[in-house]
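The values are calculated or read from the model by the stated rules, or taken from the named source; none is laboratory data. Note that this is a predicted model, so its numbers are computed, not measured. FYI the Cβ positions are ideal-geometry reconstructions off the backbone, even for glycines, and counts take in every protein chain you see. In case anyone asks, the SASA skips ligands and DNA or RNA and just uses the protein heavy atoms, side chains included. Shrake-Rupley method; radii C 1.70, N 1.55, O 1.52, S 1.80 Å.
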Amino acid sequence: MKKTYIYPTIDIHEMGTKNILMSSLIEKGMGDEVDIVITDDPIIEDADEAVSREDDFDWSTLIMIFVFTLFGLNVSAQNAEPAPPIDGKKHAMTITFKDNTVKEYVTKNVAGKEKIDKVTYLPGVGMKVYVEGSETSVDYLFSEMQSIEYEYSNNENSNWEKVGENMWNDYPEAWRLEYPQVSYDRLAKTKDDAGASEKCQIIVKRCDPYGITFSLEWDNKLVANRWTCYELHAGNTMSTVKRKDDFKADPEVAVSSQLSDYKNSGFARGHLCPSADRLCSVDQNKQTFFLTNMQPQYTSHNSGLWSRLEDLVRDFATDDSYTGAHCDTLYVVKAATITDKVTIDDAQVDGIYADKCNGNLIVPKYFYMALLHYNKDTDSYQALALWTDHIGTTQPVANLGDYAISIEELEKRTGIDFFCNLPDDIETEVEKTLDLNFWHLTKSTQ
């Protein structure tokens with residue numbers, strides 16, 4: 001998105017006694033830009049003669065000139081001053097000069113273009129542009145310019161804004177709406193990158209002809225899944241095969257969980273993207289059994305409340321009676337808390353069972369889902385988060401609305417930015433809204 005700002009201004013000059021030539025005013029019509037030609041100041045005589053000249057000065061001529069000058073400024077964009085960005089931030093910009101030459105600056109590394117490091121605006125005068133790698137500025141006068149076109153992003157927290165120029169080459173799927181904000185400050189592209197065992201990796205599982213099975217972010221240092229995300233729509237929700245139970249380590253990550261980590265641990269290998277969501281083909285279903293798509297779960301939670309919520313998510317995507325509008329695509333994120341602390345009701349609480357962690361298994365205290373419902377006919381979104389306590393006893397499933405919170409609240413608890421690739425205005429609105437009526441849910445306290 002681009003916005004061009006041109007603010008008309010009037011330059012006020014100190015005027016001594018001057019010889020003003022009116023020929024350009026006489027020669028130009030009223031609708032044209034007015035040129036005023038001003039010669040150098042004459043030699044100033046003594047004070048008495050200066051007063052005498054002031055008494056003799058034709059003020060009607062000056063008034064006439066001022067009126068014509070105002071008219072010229074109103075009809076000529078070339079006498080307008082380009083203004084700095086209204087939000088005060090640094091943006092890519094294209095400067096068009098009065099001689100019709102153009103200069104372009106960018107804020108990310110683009111071959112053949114200069115990257116802005118800093119811009120200093122001098123109101124009414126011009127600006128100083130510092131490009132990356134240079135200690136001196138390039139100076140421009142506003143009087144030389146026709147306009148400045150600033151390139152604004154309405155996705156300031158999107159993955160491509162955060163990761164920058166490497167996003168498209170290294171993480172080409174991270175623009176997708178189901179993606180949370182990736183750990184852009186500590187990513188390894190592959191398991192063979194230097195220091196990958198201490199970093200996170202983005203893993204994308206695919207299966208032709210059904211496209212992406214799911215994506216995930218894996219923390220090699222913690223040996224834990226940060227999140228798994230995927231889409232549910234008419235093209236990938238068919239059921240043509242049965243569950244394959246093909247549990248295995250993931251060869252794409254630097255440090256994968258192993259089957260031995262779960263043996264005698266007391267915890268089930270709990271899916272995030274469930275097997276039942278990927279039954280289009282054998283290969284697709286097998287991909288859900290990579291251990292990078294798992295979190296250790298109590299069997300009572302995995303087969304009880306969590307399984308019931310997974311059923312509900314499928315119903316949201318495939319049965320319009322479960323929501324207030326047809327679902328063309330349901331964007332899904334599933335995860336568990338893997339950090340020592342999380343924030344609930346403005347208080348820091350434990351995010352993991354420290355006494356139950358065993359070897360490479362981090363045992364979460366909470367599991368959650370983030371959902372984004374899209375209706376193409378109305379081009380509208382609805383969002384919902386579901387938050388559960390991970391405990392070893394049976395939990396009620398009769399009223400699933402009791403587990404519903406807003407995405408905004410989920411972000412406060414986890415510190416993860418969900419659905420960051422939505423335009424910011426849409427993201428803000430859907431994440432703060434918890435419309436239980438849309439999802440046909442209620443809370444027991446209501």
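Within region 178-191, count every residue that is of a type in the set (Phe, Trp, Tyr) and open to solvent by less than 10 Å² (accessible area, probe 1.4 Å). It would help to see each step written out before you state the result.
Restricting attention to region 178-191, the residues satisfying the condition of being of a type in the set (Phe, Trp, Tyr) are 179, 184.
Going one step further and asking which of them are open to solvent by less than 10 Å² (accessible area, probe 1.4 Å), we end up with 179.
Matching residues across region 178-191 total 1.
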Residue hits (region 203-249; basic (Lys, Arg), over 16 Å from Tyr184 (Cβ atoms), in a strand (DSSP E or B) and open to solvent by 30 Å² or more (accessible area, probe 1.4 Å)) are Arg206, Lys248
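Just for region 321-356: of the residues that are of a type in the set (S, T, N, Q) and either closer than 30 Å to Val204 by Cα or in contact with a Lys or Arg (Cβ under 8 Å, 6 or more places away or on another chain) (or both), which one is surrounded by the most Cβ atoms within 10 Å (Cβ to Cβ)?
Thr337
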Of the residues in region 418-433, those that are buried (at least 19 other Cβ atoms within 10 Å of the Cβ) and either modelled with pLDDT under 95 or touching a helix residue (DSSP H, G or I) at 6+ places or on another chain (Cβ under 8 Å) (or both) number 7
Only one of (1) open to solvent by 60 Å² or more (accessible area, probe 1.4 Å); (2) in contact with a Pro (Cβ under 7 Å, 6 or more places away or on another chain) does not apply to Thr393, and that is (2)
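Is it true that some residue in region 315-337 is polar (S, T, N, Q), under 30 Å from the mean Cα position of the chain (by Cα) and under 19 Å from Ala404 (Cα atoms)? Steps first, answer last, please.
Start the filter on region 315-337 by keeping residues that are polar (S, T, N, Q), which leaves 318, 321, 323, 329, 337.
If we keep only those that are under 30 Å from the mean Cα position of the chain (by Cα) as well, we get 318, 323, 329, 337.
Imposing the further condition that a residue be under 19 Å from Ala404 (Cα atoms) reduces the set to 323, 337.
Taking every residue of region 315-337 in turn, at least one turns out to be polar (S, T, N, Q), under 30 Å from the mean Cα position of the chain (by Cα) and under 19 Å from Ala404 (Cα atoms).
Name the single residue, out of those in region 95-126 being open to solvent by less than 40 Å² (accessible area, probe 1.4 Å) and within 21 Å of Trp160 (Cα to Cα), that is modelled with the highest pLDDT. Full working, then the answer.
Looking only at region 95-126, we keep the residues that are open to solvent by less than 40 Å² (accessible area, probe 1.4 Å), and these are 95-97, 105-106, 116, 119, 126.
Those left that are additionally within 21 Å of Trp160 (Cα to Cα): 105-106, 116.
Numbers: Tyr105: 94, Val106: 89, Ile116: 91.
The residue in question is Tyr105.
The rows are residues; the columns are (1) touching a residue at least 60 places away in the same chain (Cβ under 8 Å); (2) more than 14 Å from Asn225 (Cβ to Cβ); (3) open to solvent by less than 10 Å² (accessible area, probe 1.4 Å).
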position	(1), (2), (3)
Gln258	yes, yes, no
Lys263	no, yes, no
Ala268	no, yes, no
Pro274	no, no, yes
Leu279	no, yes, no
Leu291	no, no, yes
Asn302	no, yes, no
Residues in region 360-372: is at least one open to solvent by 50 Å² or more (accessible area, probe 1.4 Å) and either assigned to a strand (DSSP E or B) or small (Gly, Ala, Ser) (or both)? no
By residue number, the members of region 192-202 that are open to solvent by 20 Å² or more (accessible area, probe 1.4 Å) and within 12 Å of Lys221 (Cα to Cα) are Gly195, Ser197, Glu198, Lys199
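For region 259-311, name all the residues that are assigned to a loop (DSSP other than H, G, I, E, B) and under 30 Å from Ala398 (Cβ atoms). Give the steps one after another, and end with the answer.
Quick first cut of region 259-311, residues assigned to a loop (DSSP other than H, G, I, E, B) only: 263-267, 272-274, 278, 280-281, 288-289, 298.
Hits for region 259-311 are Gly266, Phe267, Leu272, Cys273, Pro274, Arg278, Thr288, Tyr298.
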Out of (1) part of a loop (DSSP other than H, G, I, E, B); (2) charged (D, E, K, R); (3) within 30 Å of Gly235 (Cβ to Cβ), the one Arg314 does not meet is (1)
Of (1) open to solvent by 10 Å² or more (accessible area, probe 1.4 Å); (2) under 25 Å from Gly351 (Cα atoms); (3) within 27 Å of the chain's Cα centre (by Cα), Ala254 satisfies every one except (3)
Residues of region 330-351 being within 26 Å of Asp311 (Cβ to Cβ), in contact with a Pro (Cβ under 9 Å, 6 or more places away or on another chain) and not basic (Lys, Arg), in sequence order, are Val333, Ala335, Ala336, Thr337, Ile338
Could you tell me whether any residue of region 160-167 is modelled with pLDDT under 90, within 30 Å of Thr329 (Cα to Cα) and open to solvent by less than 30 Å² (accessible area, probe 1.4 Å)?
yes
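Gly112 - would you say it is farther than 30 Å from Leu422 by Cβ, out of contact with any strand residue (DSSP E or B) (no Cβ under 9 Å at 6 or more places or on another chain) and part of a loop (DSSP other than H, G, I, E, B)?
Values: farther than 30 Å from Leu422 by Cβ: yes; out of contact with any strand residue (DSSP E or B) (no Cβ under 9 Å at 6 or more places or on another chain): yes; part of a loop (DSSP other than H, G, I, E, B): yes.
Against the criterion (farther than 30 Å from Leu422 by Cβ, out of contact with any strand residue (DSSP E or B) (no Cβ under 9 Å at 6 or more places or on another chain) and part of a loop (DSSP other than H, G, I, E, B)), Gly112 qualifies.
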Result of the Cβ filter at 6 Å on region 359-380, keeping first residues that are aromatic (Phe, Trp, Tyr) and partners that are open to solvent by 10 Å² or more (accessible area, probe 1.4 Å), at least 6 apart or interchain, is Tyr368/Trp387; Tyr374/Asp328; Tyr374/Thr329; Tyr374/Tyr381
